[in-house]
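In what follows, a single structure is set out as structure tokens and then discussed.
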Amino acid sequence: MKVTKAEFVISAVGPNQYPEDALPEIALAGRSNVGKSSLINRMINRKNLARTSSTPGKTQHLNYYRINDSLYFVDVPGYGYAKVSKSQREVWGKMIEKYLMEREPLKLVLLIIDLRHPPSKDDELMYDWLKAYDLPVCVVATKADKVPKSRWQKHMKIIRDALVMRAGDKFIMFSAEEGIGKDELWEYIESTAQL
Ligand code: GTP
Ligand code: MG
């Protein structure tokens, strides 16, 4: 997709703030600091529309970005950040769970994993949970620029095995830094969201 327009719409704390225009939504889930916001910026060719930070836990609400007036990227708060209080974590957890389970325009969840490391327990739980609720999921292994190309296959297998992915489950290698995987991910988004 050629992105000609990308705008931040709202940082939503709950359903009454979600957009009502029923455009398809692509949600990004993953550990705090894994590179969710950076992935959005790379996909839309913008340096810092989605706020990125080396401090984990920056994205705290559901941040909506409208692309070409035809879809939304929804940046979901990252999980697994120890410094967030337990009560705060529970509030987010409930909001995210409700969003993922009940949001009608949600067409695809991108589960963002760090290619360098085996998935965390939280990543495994998240993938299981998404599959259990029959949500379309695409695993995106990011920071591929940090792993020598000769080791990509090995790292991919470790991730696929840990998540118990099936042969037909979608996996894309990505780098926000270098743009690896951008075209492949756009194609997958366009076909899944029927754009
Ligand atoms: P939270 O909003 O806190 O959940 O984090 P996030 O998942 O949105 O991560 P963010 O995009 O803010 O990136 C975290 C850090 O990883 C930043 O320092 C980014 O520059 C870096 N980063 C993200 N993607 C890549 C990538 O593909 N390659 C490299 N080398 N660094 C990356
Ligand atoms: Mg973020």
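Tabulated data
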| item | result |
| --- | --- |
| Residue, farthest from residue 176 (Cα to Cα), within the range 52-80, restricted to residues that are of a type outside the set (Ser, Thr, Tyr), modelled with pLDDT under 80 and crowded, with 16+ Cβ neighbours inside 10 Å | 80 |
| The range 70-119 - residue that is of a type in the set (Gly, Ala, Ser) and without any contact (Cβ under 8 Å) to a residue 40 or more places away in the chain and, of those, farthest from ligand 1 (Cβ to nearest atom) | 87 |
| Residues of the range 146-169 that turn out to be closer than 18 Å to residue 35 by Cα and within 18 Å of the chain's Cα centre (by Cα), as a count | 2 |
| Answer from 12, 29 - the residue that is within 16 Å of ligand 2 (Cβ to nearest atom) and under 19 Å from residue 112 (Cα atoms) | 29 |
| Condition met for residue 100 (assigned to a helix (DSSP H, G or I) and among the hydrophobic types (A, V, I, L, M, F, W, C)) | yes |
| One residue from 184, 178 being in a loop (DSSP other than H, G, I, E, B), of a type outside the set (A, V, I, L, M, F, W, C) and at pLDDT 95 or above | 178 |
| Residues of the range 139-154 satisfying the condition of being under 16 Å from residue 180 (Cα atoms) and either out of contact with any Gly (no Cβ under 8 Å at 6 or more places or on another chain) or more than 16 Å from ligand 2 (Cβ to nearest atom) (or both) | 139, 141, 144, 145, 146, 147, 148, 149, 150, 151, 152, 153 |
| Matching residues, the range 124-165, being away from ligand 1 (no atom under 13 Å from the Cβ), of a type in the set (D, E, K, R) and over 24 Å from residue 97 (Cβ atoms) | 149, 151, 154, 157, 160, 161 |
| Subset of the range 35-47 that is near ligand 1 (Cβ under 10 Å from one of its atoms) and over 12 Å from residue 185 (Cα atoms) - its residue that is surrounded by the most Cβ atoms within 10 Å (Cβ to Cβ) | 36 |
| Residue in the range 108-128 that is within 27 Å of residue 2 (Cβ to Cβ), outside any helix (DSSP H, G or I) and modelled with pLDDT under 95 present | no |
| Counted residues, the range 1-45 - those being assigned to a strand (DSSP E or B) and either closer than 19 Å to residue 123 by Cα or polar (S, T, N, Q) (or both) | 7 |
| Residues that are surrounded by 14 or more Cβ atoms within 10 Å (Cβ to Cβ) and not in a loop (DSSP other than H, G, I, E, B), drawn from the range 159-175 | 159, 160, 162, 170, 171, 172, 173 |
| Conditions (1) out of contact with any Gly (no Cβ under 9 Å at 6 or more places or on another chain); (2) surrounded by 20 or more Cβ atoms within 10 Å (Cβ to Cβ): number failed by residue 123 | (1) |
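The values are calculated or read from the model by the stated rules, or taken from the named source; none is laboratory data. Since the model is a prediction, treat every value here as computed from it, not as a measurement. Glycine also receives a Cβ, built like all others from the backbone with ideal geometry; neighbour counts cover every protein chain displayed.
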